[in-house]
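Only the coordinates and a few stated rules stand behind these numbers; no lab work does. Just so it is clear, the model here is predicted, and its values are computed rather than measured. Note that we place each Cβ from the backbone using ideal geometry, even for glycine, and neighbour counts take in every protein chain shown.
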Amino acid sequence: MIGHRHAVDGAHFAFTDRWGGVSAVPYDSLNLGGAVGDDAAAVRANRGLAAAALGRDPSRVVWMNQVHGRDVAVVEAPWGDDGASEAERVPSVDVLVTARADLTLGVLTADCVPVLLADPVARVVAAAHAGRPGLVLGAVPAAIETMITLGAQPGRITAVLGPSVCGRCYEVPAALRDEVAAVVPEAYAETSWGTPAVDVAAGVRAQLSRAGVRADGAPAPCTLESKDHFSYRRERVTGRLAGYVWLDGAA
């Protein structure tokens with residue numbers, strides 16, 4: 001269920017794998033995405049199971065409607081539930097930032113790079129969704145910029161990257177690779193079979209380094225290679241993994 005968990009000075013980072021939930025094929029079994037066609041009750045149950053495994057209150061986990069951009073929402077409270085659908089009440093952003101220890105921020109992925117960030121001294125955390133478009137647009141730099149407005153300092157921020165498709169597997173047309181590399185040269189890659197590729201995680205790490213932020217933790221699994229993780233490129237219709245970040249304090 002919890003594929004990886006990491007803690008630094010009172011900041012907590014966690015990523016799920018695909019097991020331990022209640023969703024049926026093809027979302028088996030711990031699908032945490034609410035907009036991929038899975039049964040809504042199963043998704044709610046899975047989110048409750050994952051939150052419980054982390055000791056967090058599922059009603060205080062904040063999600064976003066990810067759209068492959070760089071917009072940021074600063075979160076002061078859960079979005080609430082007024083009867084509207086998740087897509088209607090959750091803002092369309094790719095970065096969440098909060099200074100509230102009673103909130104947990106969540107990011108959903110199935111090949112894109114989930115990036116969790118924390119400055120434990122300023123008590124500010126962020127969750128960013130960085131796919132290829134978000135890498136080019138600067139979703140992670142936008143997260144850092146917003147954290148700084150809340151008192152964070154780049155030298156104190158720790159970033160942890162979760163499972164994503166690796167550069168050896170993310171095949172793209174040569175022209176698209178060139179477009180990405182023109183913005184983030186470190187993302188230029190080649191597949192293990194010798195064709196053009198993009199390494200989004202390498203690009204994100206380069207953006208973090210340029211911002212003065214340290215990337216921590218062991219290298220994450222490649223979602224396309226790992227059957228323990230959801231991969232959109234491998235399965236198309238599939239579930240979503242989650243990354244969670246929070247501070248010591250209220251659950």
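Observations, loosely collected:
- Amide hydrogen proximity for ALA189: with H placed 1.01 Å from N in the peptide plane, the residues at 5 or more positions away or on another chain lying under 5 Å are ALA197, ASP199.
- Ranked by how many other beta carbons lie within 10 Å on average, peptides 94-100, 240-246 from highest: 240-246, 94-100
- Amide H contacts under 5 Å for LEU105, placed H, 5+ residues apart: VAL62, VAL245
- SER59 versus ILE2: modelled label distance in nm, points set 7 Å from Cα along the beta carbon direction: 2.2 nm
- Residue by residue, the stretch 24-32 carries 3J(HN,Hα) couplings of 8, 3, x, 9, 4, 10, 9, 6, 10 Hz when phi is fed to the Karplus relation 6.51 cos²θ - 1.76 cosθ + 1.60 (θ = phi - 60°); x denotes Gly or Pro.
- Cα pair count fraction exceeding 34 Å, expressed as % - the chain: 10 percent
- Ranking of VAL8, VAL25 by count of other Cβ atoms within 10 Å, fewest first: VAL25, VAL8
- Net +/- balance of residues flanking ALA51 in space, Cβ distance below 14 Å, scoring K and R +1, D and E -1: +3
- A crude spin-label estimate for the pair ALA40 and ARG236, with each label 7 Å from Cα along the Cβ direction, gives 2.7 nm.
- Cysteines in the chain that lack a partner Cβ within the 4.7 Å cut-off: CYS112, CYS169.
- Residue-by-residue Karplus 3J(HN,Hα) for the stretch 153-159, coefficients 6.51, -1.76, 1.60, Hz, glycine and proline x: 10, x, x, 9, 7, 9, 10
- HN-Hα J in Hz across the stretch 49-54 - Karplus 6.51, -1.76, 1.60, θ = phi - 60°, x for Gly and Pro: 5, 5, 4, 4, 5, 9
- Each residue, ALA182 and ASP28, gets one label point 7 Å from its Cα in the Cβ direction; the gap between the two is 4.5 nm.
- Amide H contacts of GLY3 (H built 1.01 Å from N, under 5 Å, at least 5 apart or other chain): PHE15, THR16, ASP17
- Averaging the Cα positions of each part gives two centres, and for the stretch 30-107 and the stretch 151-174 these lie 21 Å apart.
- The local environment of ARG70, defined by Cβ-Cβ distances under 15 Å, has a net charge of -2 under the rule Lys, Arg +1 and Asp, Glu -1.
- The Cβ shell under 14 Å around PHE13 holds other residues with a net charge of -1, Lys and Arg each +1, Asp and Glu each -1.
- Computed [θ] at 222 nm, helices only, for the chain once each DSSP H run of length n ≥ 4 contributes -39500 (n - 2.57): -7000 deg cm²/dmol
- Under a Gaussian network description of the chain, with springs only between Cα atoms under 10 Å, the residue in GLY217, GLY194, GLY203 that fluctuates furthest is GLY194.
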